[in-house]
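Bear in mind that the values in this text are calculations on the coordinates, not laboratory data. Because the structure is predicted, anything quoted here is derived from the model rather than measured. For neighbour counting, all protein chains shown are included, and Cβ atoms are generated from backbone atoms with ideal geometry for every residue, glycine included.
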Amino acid sequence: MYHPQLNRISSPPPFQFNLTPDPITIPSEYSAYVGFKHRLWVTWHLRRYLGAGWSLGQEKLDLWLWEDEDEQYLEGFALSRSGLTAITARDWASACSAFEVHLSQSTTFVNPLAHLTCQNRLRFIVWLNLTKYGKLSELIGTWGNFLSLPFLVEVCQRCKISRFLENWLETMREVYPLEDLQLIPWECPCECFAELLRSLLLGAQAPRVNLPKTSPIFRALYRLVAPTWPLTLWMAFRASNNIHIPKFLDILQDPVHRDVILNDSDEHDPFLHWETWADYAVEIDLTTWLQIRNTVCKRARCAFHRDVRVAAACLIFSPSPESAFSQLVLEKLGISVYPFDIVTLVVSKHYEPRSNYAQFASKEFWTSQNLENWIETRRLDFCHAVWQTSHLGVLERLSIILNTLQNQAWAPQVRCFISFALRTNSN
């Protein structure tokens, strides 16, 4: 375990680049971008390292936070990389095209990273691109390896990334308050993260950077603090309610809903559509998200599929069953509309069971469409009856209904029965 020796951690030394003639050349047809080539090269290299392309959505456009002074520094960074990879003509075309889109859509703004040194701005931009899903220790390891950071301290055998922690915290503290960094869960069985933070808290605080809630820099912190399943529940709640955090917390703590609320999902489930949900995530402050994580959402085993539990949550949070499964709600939750459009019908208090009467003696009844309609009606009546069963919980009832609606095994038997009936009646 790493134990800091100093009350204040000094900033790590800058890179010592071994400069050689610049091997990065930009094709003549893109000479207008020659003043940006190293920033473009590093951005391309970062996207390639992460397995991402040059598709720059609005979220990623905001991550172009370079300053003009970075160009020379990034030249040294690129030259220091082992196994330097050249950009192909096709990659240059993609890079310049994406940058052109960025320039056309950008407005004048104050760069929130302008106060950083070139070194720390590079480090922070790399971090912003990395901050998606994953454990903090794994993300810091990937971050440090991409930057080829020097080993400043011994490696803790528990977290295995203590060699990067000092650099990471020194970079983050220039943008985020240390109090917010303390809210990030540390999943490793060691005290490296906490002890380094305590050492930093004893020193002088960096100037606070004012970040709007729409800033990707601000939202990157939420990716690390807001847990996946509770955020899914908040999304389901907000789909049919105004912002009412106390009401949401009361529902989470209600033992009646324990089976629906309990957290057995992967904490870093890629199911989370962050770009869609970020606006909702920042409605709850970081401290409250930590409270939800620590007191409400302990991991436990659940026998029901996530989609069933999301559907149950929608029903619990919605003021009426009819409004629980709107297309907007389901799309935001990443769930297909079918069969929940039918579930809305059978759970409605206005549903009226159909008549069981059938003219079996009539030849017209045995036509394919009439018979299938009669069987489908019986199936809907059965689902409605299940929903009205009071001794079953919401999850049990929904599970039976969904299995009934999604089970197509009856279709071949129905068709065989229809064919037999038609032959019999024709004779």
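The slack between Gln105 and Ala194, meaning 0.36 nm per residue of separation minus the straight C-alpha distance, is 27.9 nm. Under 5 Å between amide hydrogens, built in the peptide plane, is the criterion, and for Asn263 it picks out Lys298, Ala300 among residues at least 5 positions away or on other chains.
On the basis of the beta-carbon distance and an R0 of 56 Å, Val155 and Glu352 show a calculated FRET efficiency of 0.25. Using a 7 Å offset from Cα along Cα-Cβ at Glu67, what residues in the range 198-234 end up with backbone N under 15 Å from the label point? Output list for this probe position: 207, 209. With the simple model of a label 7 Å out from the Cα in the direction of the Cβ, Asn242 to Gln291 spans 2.1 nm. The label point for Asp250 and the one for Ala32, both projected 7 Å from the Cα toward the Cβ, are 6.0 nm apart. The protection proxy used here, the mean number of other Cβ atoms lying within 10 Å of each residue, ranks peptides 25-31, 238-244, 113-119 as follows, highest first: 113-119, 238-244, 25-31.
Here the calculated FRET efficiency for Arg208 and Ile24, from their Cβ-Cβ distance with R0 = 41 Å, stands at 0.65, rounded to the nearest 0.05.
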